[in-house]
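Notes follow the structure.
The values are calculated or read from the model by the stated rules, or taken from the named source; none is laboratory data. Worth saying up front: this structure is predicted, and the values here are computed from it rather than measured. Heads up, the Cβs are rebuilt from the backbone with ideal geometry, glycines too, and the neighbour counts pull from every protein chain shown.
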Amino acid sequence: MFDLDDSFWQIVGTIIAFCGLLLAVKLFPYQLKRKSLSYLHYSYSLLTDRSEGFRGQIRVLYEDHKVTNLNVLNITFSNDGIVEIRANDFDHPLSIQIDTDCKILSASVAGTSPAASSGLSARGNDASFQ
């Protein structure tokens with residue numbers, strides 16, 4: 001049916017291989033310039049107002065204010081690309097907004113790699129990172 005010794009199929013195979021090689025060479029520089037910001041988040045609840053077993057027995061205060069629901073949210077930003085993402089790549093600082101009935105009690109940057117100074121501000125239910 002198909003005779004691979006036929007010169008026609010050898011020429012077709014050579015052309016396809018050459019086109020694939022040209023495509024790989026053409027796309028290679030774009031692979032080197034790739035920036036990709038991704039994030040991973042997880043949260044866990046330390047205290048809820050539905051904790052029936054300890055109702056009235058435990059009292060949690062944060063800066064002299066009673067806390068009824070306490071959740072920890074950890075967000076990790078990472079660059080999955082090859083090229084460094086700089087602050088001037090963004091029009092605005094990264095910001096995280098949570099529900100209006102929630103309040104950010106504390107926000108911090110656990111670490112950066114490579115080491116960098118990062119500006120973090122938290123107000124009410126909004127946190128911004130520079």
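Yes/no per residue for (1) surrounded by 10 or more Cβ atoms within 10 Å (Cβ to Cβ); (2) assigned to a loop (DSSP other than H, G, I, E, B); (3) in contact with a His (Cβ under 6 Å, 6 or more places away or on another chain); (4) modelled with pLDDT of 80 or more:
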{"site": "L40", "(1), (2), (3), (4)": "no, no, no, yes"}
{"site": "L73", "(1), (2), (3), (4)": "yes, no, no, yes"}
{"site": "S78", "(1), (2), (3), (4)": "yes, no, no, yes"}
{"site": "D99", "(1), (2), (3), (4)": "no, yes, no, no"}
{"site": "V109", "(1), (2), (3), (4)": "yes, yes, no, no"}
{"site": "A115", "(1), (2), (3), (4)": "no, yes, no, no"}
{"site": "S118", "(1), (2), (3), (4)": "yes, yes, no, no"}
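Within the stretch 5-32, no residue that is more than 30 Å from E84 (Cβ to Cβ) sits with its Cβ atom under 8 Å from a residue that is of a type in the set (G, A, S) and assigned to a loop (DSSP other than H, G, I, E, B) at 6+ positions apart or across chains.
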